[in-house]
1. How do A:Val84, A:Val32 stack up against each other in accessible area, from largest to smallest, with a 1.4 angstrom probe?
2. Inside 10 Å of the C-beta atoms of B:3-15, what's the mean count of C-beta atoms belonging to other chains?
3. How long, wide and thick is segment A:5-73, going by the Cα atoms along their three principal axes, in whole angstroms, largest first?
4. What is the set of long-range amide H partners of B:Arg68 at a cut-off below 5 Å, with H atoms built 1.01 Å from backbone N?
5. Quote the total accessible area buried by chains B and A together, excluding ligands, DNA and RNA, probe 1.4 Å, nearest 100 Å².
6. Under a Cβ-Cβ cut-off of 12 Å, what is the net charge of the residues other than B:Lys51 that fall near it, where Lys and Arg count +1 and Asp and Glu count -1?
7. Which residues of segment A:21-43 bury at least 10 Å² of accessible area once all protein chains are present, versus their chain alone (1.4 Å probe)?
8. At 1.4 Å probe size, with the rest of the protein present, what percent of the exposed accessible area of segment B:5-73 is carbon and sulfur atoms?
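The values are calculated or read from the model by the stated rules, or taken from the named source; none is laboratory data. Given the structure is predicted, the values throughout are model-derived calculations rather than measurements. Heads up, the Cβs are rebuilt from the backbone with ideal geometry, glycines too, and the neighbour counts pull from every protein chain shown. Side chains included, ligands, DNA and RNA excluded: accessible areas come from the protein's heavy atoms. Shrake-Rupley method; radii C 1.70, N 1.55, O 1.52, S 1.80 Å.
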Protein chains: 2
Amino acid sequence: MTTDRLSATFAALADPTRRAILARLALGETSVTELAEPFQMSLPAVSKHLKVLERAGLIARGREAQWRPCRLEAAPLQDIAGWVEEYRRFWEGSFDRLDAYLQTIQKGEGNDTSN
Amino acid sequence: MTTDRLSATFAALADPTRRAILARLALGETSVTELAEPFQMSLPAVSKHLKVLERAGLIARGREAQWRPCRLEAAPLQDIAGWVEEYRRFWEGSFDRLDAYLQTIQKGEGNDTSN
DNA sequence: AGTGTACTTAACCTTTAAGTTAATTAAATG
DNA sequence: CATTTAATTAACTTAAAGGTTAAGTACACT
């Protein structure tokens, strides 16, 4: 996995435990122990998941006595939203027109449509 | 990685090569060889990426003589769009209100906010 | 039937991911 | 100052991801 931001974000979101953690954090900042509570895995495992989320910029962590409260960070989610919006035309009307148009281009000239 | 659909989709999208393939397919259906052309990796490597995309439902493959044309499938992308939309309130106005409200709930009662 | 083209499968290697238990750090509290 | 609570780090295991080369399959063409 390359470490560009989009890749890191998608990779972080590919795990259901991590998505559940984000969903919990959507309800507000909380501690690691409380985040771990719903899961059957060990605390170190959750700690690792949090590190993945942090490296992807999806959460930020504070310090409050012996607790390390986590909170959701929106920026990478905005990136995802922006990325996927680019594909919206595919499930909306403009798809067919665009597709038909570019099919022509493709077959008309060479395969110069790299990247 | 669990094989629920969202996880498979996010995992598939976590690779920049695969995202580039999808971007190319947004320009229209094309062959494996043409898809592979922009990349420095071997054809089998691309073939594997296509299999990942196919298993995630992000592409479908046809048969035309010795070619196996690939085309983009929108459904899993719609799932992603739907998922991320749930978090939109975080980077829009309602965040602060929601956050404040749920902070109160949390501290008021126990940690019954599992999952 | 034999050859070229398009692609996949097989076998393998190396790196990373996700989990474990045990040990460690850090702060609060008796 | 010893103990409890909160969380991380270390060391390790297993499995999966992503790449390679070499071999195999499928169809088209002469």
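1. The ranking, largest first, comes out as A:Val32, A:Val84.
2. Numbers: counts 0, 2, 0, 4, 7, 1, 3, 11, 6, 2, 10, 11, 5.
What the average comes to for B:3-15 is 5.
3. Sorted from largest, the Cα extents of segment A:5-73 read 33, 25, 21 Å.
4. Excluding prolines and chain starts, which carry no amide H, the hits are B:Val32.
5. Chain pair B/A: roughly 3900 Å² of buried accessible area.
6. Summing Lys and Arg as +1 and Asp and Glu as -1 gives +4.
7. A:Leu22, A:Ala23, A:Arg24, A:Ala26, A:Leu27, A:Gly28, A:Glu29, A:Glu34, A:Glu37, A:Pro38
8. With neighbouring chains kept in place, the figure for segment B:5-73 is 50 percent.
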